[in-house]
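Down below is the structure, laid out as structure tokens.
The values are calculated or read from the model by the stated rules, or taken from the named source; none is laboratory data. Keep in mind it's a predicted model, so treat the numbers as computed, not measured. Every residue, glycine as well, gets a Cβ built from its backbone with ideal geometry; the counts of neighbours run over all protein chains shown. What goes into the accessible areas is simple: the full protein's heavy atoms, side chains included, and nothing from ligands, DNA or RNA. Shrake-Rupley method; radii C 1.70, N 1.55, O 1.52, S 1.80 Å.
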Amino acid sequence: MNYKALHSWIDEMASLCKPDNIYFCDGSEAEYQDMLKKLVNEKKAVKLNPEKRPNSYAFFSDPSDVARVENRTFIASMKESDAGPTNNWIDPLILKPKMTKLFDGSMRGRTMYVIPFVMGPIGADIAQYGIQLTDSPYVVCNMRLMTRMGEHILDIIEGGKDFIPCLHSVGYPLVNRPDLDWPSAPIEEKYIAHFPEERLIWSYGSGYGGNALLGKKCLALRIASKIGQEEGFQAEHMLILKLTNPEGISKFILGAFPSACGKTNLSMLIPTLKGWTVETVGDDIAWIFKKKDGKFYAINPEKGFFGVAKGTSYETNYNAMKAIEKNTIFTNVALTEDLDVYWEGMKDAPDKLISWKKDIWHKGDKEPAAHPNSRFTVPIEQAPNLAKEYDDKDGVLISAILVGGRRANTIPLVIEAFSYNHGIFMGSMMGSEITAAAISDSIGKVRRDPFAMLPFIGYHIKDYFNHWFNMKGQTSEALLPKIYYVNWFRKDEQGNFIWPGFGENSRVLKWIFERCEHKAKGIETPIGIMPDKQDLDLTGLNITDKDLDTLFEVDKKAWLDELLDLEDYYKSLGDIPKALYEELYQERERLNKLGE
Ligand code: GTP
Ligand code: SPV
Ligand code: MN
């Protein structure tokens with residue numbers, strides 16, 4: 001859509017949703033403060049103690065609206081085969097009328113906010129403009145922290161830039177009933193819908209995170225992945241970090257880990273190795289493109305963090321804790337008696353708290369005080385380790401891509417792919433234990449989640465894999481990023497993590513950095529190249545030889561089983577690229593020879 005269509009679209013949506021008012025957001029600080037003040041007056045938000053947490057607010061969602069709802073997320077392409085076997089497909093000719101009925105009058109008694117925003121640095125070739133219409137002031141405030149938004153973006157769109165229309169309603173019209181603290185619709189009425197051919201997003205019934213901040217997962221991943229497939233870039237669920245060695249040389253590394261598997265933490269890491277630094281460019285989404293030099297570059301389409309609160313502490317993620325000391329919105333965390341925030345894993349629990357359900361909570365209570373998917377929203381500029389390149393429209397040169405998930409067994413600490421194709425194979429086989437970032441009754445179960453994109457590919461997964469190979473094209477290995485499979489989450493028989501993780505992950509990053517410079521050694525195994533114990537810098541780390549052996553073990557039987565399961569998975573996906581089967585068969589052959 002472009003300028004001509006803009007105002008008639010807004011009028012059309014307003015006459016459908018029937019809000020009491022329409023308000024164009026200018027994106028200013030004053031507007032943000034006014035909205036939060038109003039939300040506090042209406043008791044929909046709590047202003048935190050300004051001496052402890054200046055200019056910060058807490059929101060508490062309805063207990064049924066706490067995460068992405070994958071089974072209510074739809075790809076409504078014209079043809080079912082374009083959505084593929086991993087998406088919920090629904091015929092747009094059925095869904096449109098159904099949702100039109102739901103949207104009809106859905107904003108009664110409310111204001112419709114118009115949010116002009118852009119995903120990506122202004123001026124970046126692949127930046128994508130959007131307009132979100134929403135009846136949730138909570139969403140407006142979060143979009144302001146998470147995206148580049150406001151009047152200046154509307155000016156650009158009115159100047160003729162194409163934009164992606166995004167319609168959102170919490171689905172709780174105020175007709176003969178009072179408002180709720182967190183209005184939303186029952187689960188069976190929630191629809192997070194994507195119309196890829198029209199490049200259109202309609203979201204109804206949820207006010208939470210990726211369901212409602214439509215610039216994030218809906219636009220920057222599902223719709224952008226489809227645009228990228230058509231226009232030659234990749235939209236990926238990846239962090240972007242800048243790693244600098246003691247000599248001052250920097251490299252940029254991407255990491256694809258599923259939801260709640262460590263992207264924010266890795267991008268904000270403080271290395272335990274002396275002289276090394278990590279700076280953050282992005283913590284959740286990367287758009288990858290190729291330049292004329294044949295190399296791959298990345299931009300972060302976002303401008304803020306929507307990070308997992310649970311488990312975040314000054315010990316595990318100092319930079320995140322510093323970032324959220326002020327100007328932060330918290331959702332579903334617990335509150336202390338003096339109105340500061342608390343969550344499990346932050347520090348020792350005080351005796352008494354207000355839980356995310358707004359109940360009094362006592363130390364020792366069985367239920368956690370904060371929701372496991374409690375989150376903070378904070379502008380990226382507040383990260384103490386922000387890389388200066390974060391806003392660079394030309395992107396950063398990618399040296400390496402990490403893939404990985406939560407796996408209690410089988411997957412070693414780090415494996416380097418033999419080639420880019422082998423790396424794509426590694427990404428395709430990723431599995432991870434399901435976390436609380438999505439509403440699911442299978443939390444903890446391992447599921448395949450290729451490139452951490454299973455819930456976010458806006459089209460057929462076979463074409464997604466093809467796109468990886470197409471983007472590679474004829475590029476020589478020397479110009480391509482190196483790909484690594486990592487796993488920080490291996491457990492011992494007692495169920496404890498073997499690898500200390502967090503800042504100690506810098507030891508693995510150092511090996512990767514030096515592999516990219518052809519300096520570090522590695523040994524060939526059937527599943528890829530791994531550091532020998534002496535190749536990994538373990539200075540000052542307390543870890544037993546037995547644990548190290550486990551972290552680098554290649555369990556022939558477990559891997560062969562893994563490949564059998566993967567082959568079944570491949571078959572279930574339809575006609576995926578032959579190159580993936582070739583990689584699988586070669587890996588099996590190498591494994592079969594092991595120990596012979
Ligand atoms: P999304 O925002 O959902 O995409 O999550 P994410 O991938 O950014 O994950 P995040 O960094 O927020 O980490 C999620 C959880 O994993 C937190 O509770 C962290 O404390 C924990 N975690 C992160 N890194 C490590 C690690 O290296 N080791 C261990 N054991 N836990 C980790
Ligand atoms: C994720 O689930 O991967 C997130 C959180 O980053 S949400 O924005 O809710 O999708
Ligand atoms: Mn994420």
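On alpha carbon coordinates alone, what is the Rg over Rh value for the stretch 305-382, Rh being the Kirkwood radius?
On the way: Rg = 11.9 Å, Rh = 12.5 Å.
My calculation of the ratio gives 0.95.
Just going by the charge dipole of the chain, with Lys and Arg at +1 and Asp and Glu at -1 on Cβ, which of L563, Q33, P92 is farthest out on the positive end?
Looking along the dipole axis, the top candidate is Q33.
Please compute the length gained on full extension between K295 and S15, using 0.36 nm multiplied by the number of residues separating them and subtracting their Cα-Cα distance. Display every interim value, and only then the final one.
Details: separation 280, 0.36 × 280 = 100.80 nm, distance 4.80 nm.
Full extension from K295 to S15 adds 96.0 nm.
Just going by the charge dipole of the stretch 1-116, with Lys and Arg at +1 and Asp and Glu at -1 on Cβ, which of V66, M107, C17 is farthest out on the positive end?
V66
Which of the lysines could a cross-linker bridge to K363, judged by Cα under 20 Å and excluding same-chain residues fewer than eight apart?
Cα-Cα hits under 20 Å: K310, K347, K352.
Kindly state, to the nearest 0.05, the FRET efficiency for T111 paired with L397, given R0 = 51 Å and r defined as their beta-carbon distance. Intermediate values should be presented prior to the final figure.
On the way: r = 44 Å, r/R0 = 0.87.
So, using R0 = 51 Å, E works out to roughly 0.70.
Averaged per residue, what accessible surface does the stretch 305-382 expose to a 1.4 Å probe, in Å²? The partial results should precede the final answer.
Details: 3280 Å² over 78 residues.
Averaged over the residues of the stretch 305-382, the accessible area is 42 Å².
For the stretch 504-596, what is the convex hull (Cα atoms) projected area averaged across all directions, in square nanometres? The partial results should precede the final answer.
On the way: hull surface 31.2 nm².
For the stretch 504-596, the mean projected area of the Cα convex hull comes to 7.8 nm².
Hey, what do the phi angles of the stretch 76-89 turn into as Karplus ³J(HN,Hα) couplings, whole Hz, using 6.51/-1.76/1.60 and θ = phi - 60°, x for Gly and Pro?
Result, rounded to whole Hz: 9, 7, 4, 10, 4, 5, 7, 8, x, x, 9, 9, 7, 9.
Using only the alpha-carbon atoms, what does the stretch 208-294 span along each of its principal axes? Please give whole angstrom values in decreasing order.
Result, largest extent first: 42, 39, 16 Å.
Could you sort the peptides 57-67, 555-565, 508-518 by per-residue average Cβ neighbour count (10 Å cutoff), highest mean leading?
Working: 57-67: 21.1, 555-565: 14.8, 508-518: 19.0.
Top of the packing list down: 57-67, 508-518, 555-565.
Assuming 1.306 mPa s and 10 °C, estimate D for the stretch 343-408 with Stokes-Einstein, Rh taken as the Kirkwood radius over Cα pairs, in µm²/s.
On the way: Rh = 16.2 Å.
The diffusion coefficient I find is 98 µm²/s.
Provide the gained length on full extension for the span K557 to D359, in nm with one decimal, where the gain is 0.36 nm per separating residue minus the Cα-Cα distance. Walk me through the numbers before you get to the answer.
Values: separation 198, 0.36 × 198 = 71.28 nm, distance 4.93 nm.
Length difference between fully extended and current span is 66.4 nm.
Would you calculate, for the chain, the mean residue ellipticity at 222 nm contributed by helices, counting each DSSP H stretch of 4 or more residues as -39,500 (n - 2.57) and dividing by all residues, to the nearest 500?
That calculation yields -7500 deg cm²/dmol at 222 nm.
Cα to Cα, under 17 Å, and not fewer than 8 places away if on the same chain: which lysines meet these conditions relative to K445?
Once the sequence-local lysines are set aside, what remains near K445 is K491.
Short version: what are the Cα gyration tensor semi-axes of the stretch 407-510, square root of 5 times each eigenvalue, largest first, in whole Å? Can you show the working numbers first?
Details: eigenvalues 140, 85, 21 Å².
In descending order the semi-axes read 26, 21, 10 Å.
Just the accessible area for H152, please: 1.4 Å probe, Å², rounded to the nearest 10?
Approximately 90 Å² for this residue.
Extension gain D441-I523, at 0.36 nm per residue separation less the Cα-Cα distance, in nm?
Working: separation 82, 0.36 × 82 = 29.52 nm, distance 4.06 nm.
Between D441 and I523, full extension yields an extra 25.5 nm.
Summarise the accessible area of the chain (1.4 Å probe, protein heavy atoms) by the percent that is carbon and sulfur. Show your work: numbers first, answer last.
Details: 11390 of 22910 Å².
Answer for the chain: carbon and sulfur cover 50 percent of the accessible area.
By how many degrees, 0 to 90 and rounded to 10, does the Cα axis of helix 578-593 deviate from the longest principal axis of the chain?
Result, in degrees: 40.
Can you give the FRET efficiency to the nearest 0.05 for D162 and S572, using r as the Cβ-Cβ distance and R₀ = 30 Å?
Values: r = 36 Å, r/R0 = 1.21.
Here the calculated transfer efficiency is 0.25.
Magnitude of the Cβ-charge dipole of the chain, K/R +1 and D/E -1, about the Cα centre, nearest 20 debye? Numbers along the way, then the final one.
Details: 72 positive and 84 negative charges, 81 e Å.
Magnitude of the dipole: close to 380 debye.
If packing is taken as the mean number of other Cβ atoms within 10 Å per residue, what is the order of 219-227, 187-195, 474-482, highest first?
Numbers: 219-227: 25.8, 187-195: 20.2, 474-482: 13.3.
So the order, starting with the most tightly packed, is 219-227, 187-195, 474-482.
Against the 2.2 N^0.38 Å scaling, with N counting residues, where does the chain land? I'd like the Cα-based Rg ratio to two decimal places. Before the final figure, lay out the partial values.
Details: Rg = 23.6 Å, N = 596, 2.2 N^0.38 = 24.9 Å.
Taking the Cα Rg and dividing by 2.2 N^0.38 Å, one obtains 0.94.
Against the longest principal axis of the chain, how steep is helix 3-17, in degrees 0 to 90 to the nearest 10, with axes from Cα atoms?
70 degrees
Can you tell me the FRET efficiency between L180 and I94 if r is taken as the Cβ-Cβ distance and R0 is 35 Å, rounded to the nearest 0.05?
Details: r = 30 Å, r/R0 = 0.85.
Approximately 0.75, to the nearest 0.05.
Step through the table entries K79/K556; K393/K571; K216/K482; K216/K291, compare each Cα-Cα distance with 31 Å, and write down the pairs that go over it. Don't jump to the answer; show the numbers that get you there.
Working: K79/K556 42 Å; K393/K571 40 Å; K216/K482 27 Å; K216/K291 25 Å.
In this structure, K79/K556; K393/K571 lie more than 31 Å apart at Cα.
Let me make sure I get this right: for the stretch 96-149, a, b and c are the square roots of the gyration tensor eigenvalues over alpha carbons, sorted descending. Under 1.5 in a/c it's rounded, otherwise prolate if a/b > b/c, else oblate. Which is it?
oblate
What is the helix-to-structure angle for 506-516, meaning the angle in degrees between its Cα long axis and the longest Cα principal axis of the chain, kept from 0 to 90 and rounded to the nearest 10?
With rounding to tens, the tilt is 70 degrees.
Considering only DSSP beta bridges where both residues belong to the chain, give the percentage that are antiparallel (nearest 5). Working shown, then result.
Numbers: 61 of 94 bridges.
Around 65 percent antiparallel, to the nearest 5.
Output the relative contact order of the chain, whole-number percent, from Cα pairs under 8 angstrom with separation of 6+ residues. Before the final figure, lay out the partial values.
Details: 1306 pairs, mean separation 87.4, N = 596.
So the answer I get is 15 percent.
Let me make sure I get this right: for the stretch 1-46, a, b and c are the square roots of the gyration tensor eigenvalues over alpha carbons, sorted descending. Under 1.5 in a/c it's rounded, otherwise prolate if a/b > b/c, else oblate. Which is it? Can you show the working numbers first?
On the way: a/c = 4.22, a/b = 1.87, b/c = 2.26.
Judged from the Cα gyration tensor, the stretch 1-46 comes out oblate (a/c at least 1.5, b/c at or above a/b).
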